1. Checking Leu13 against (1) on the phi > 0 side of the Ramachandran plot; (2) under 16 Å from the mean Cα position of the chain (by Cα), which single condition isn't satisfied?
2. Just need a number here: residues in the range 82-110 that are under 20 Å from Gln11 (Cα atoms) and of a type in the set (S, T, N, Q).
3. Could you figure out which of (1) out of contact with any Phe, Trp or Tyr (no Cβ under 6 Å at 6 or more places or on another chain); (2) modelled with pLDDT of 95 or more; (3) within 27 Å of Val92 (Cα to Cα) isn't true of Phe69?
4. Would you mention how many residues in the range 56-103 are surrounded by 18 or more Cβ atoms within 10 Å (Cβ to Cβ) and of a type in the set (A, V, I, L, M, F, W, C)?
5. If Leu63 satisfies all but one of (1) modelled with pLDDT of 90 or more; (2) among the aliphatic types (A, V, I, L, M); (3) more than 16 Å from the chain's Cα centre (by Cα), what's the number of the condition it fails?
6. Which condition does Phe70 not pass, out of (1) touching a helix residue (DSSP H, G or I) at 6+ places or on another chain (Cβ under 8 Å); (2) under 15 Å from Ile101 (Cβ atoms), if it passes all the others?
Amino acid sequence: MEAVRVDDPDQRLAQHEGKTAGAHLLLGVGSDNFVFHPASIAAQDSMGRNYRILIPFGVPVKLVVNSSFFQLTDAVGLPLSRTSSTLIPVIVPSGQNPGTIRLIVTGGGR
């Protein structure tokens with residue numbers, strides 16, 4: 001089970017998702033046979049959300065992050081694309097605990 005933490009200190013997700021046209025954050029994994037497996041929200045708090053998705057041990061996959069509305073960065077502050085999906089390579093070695101991928105919402109709107 002891979003974990004994704006989306007820090008949202010200004011609560012932009014809660015302010016806009018379902019209320020503002022186009023305000024959506026898509027997270028998941030695309031499989032080799034072109035099936036998309038969305039990540040589910042496991043928990044949320046005033047500072048963001050925790051998502052999780054099942055990834056088989058030892059199988060390289062790509063985490064898909066897409067939002068044309070929200071501006072996101074990775075854990076070191078590099079911006080993710082708002083014009084196309086960002087693909088983050090992930091592999092969980094057999095018998096090891098997966099790490100947490102951290103993303104940060106830094107803006108919203110077009």
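1. (1)
2. Result for the range 82-110: 1.
3. (3) is the only condition that Phe69 fails.
4. 12
5. Only one criterion is unmet by Leu63, namely (3).
6. (2)
The values are calculated or read from the model by the stated rules, or taken from the named source; none is laboratory data. Source: prediction; values computed, not measured. Cβ: placed from backbone, ideal geometry, glycine included. Neighbour counts: every protein chain shown.
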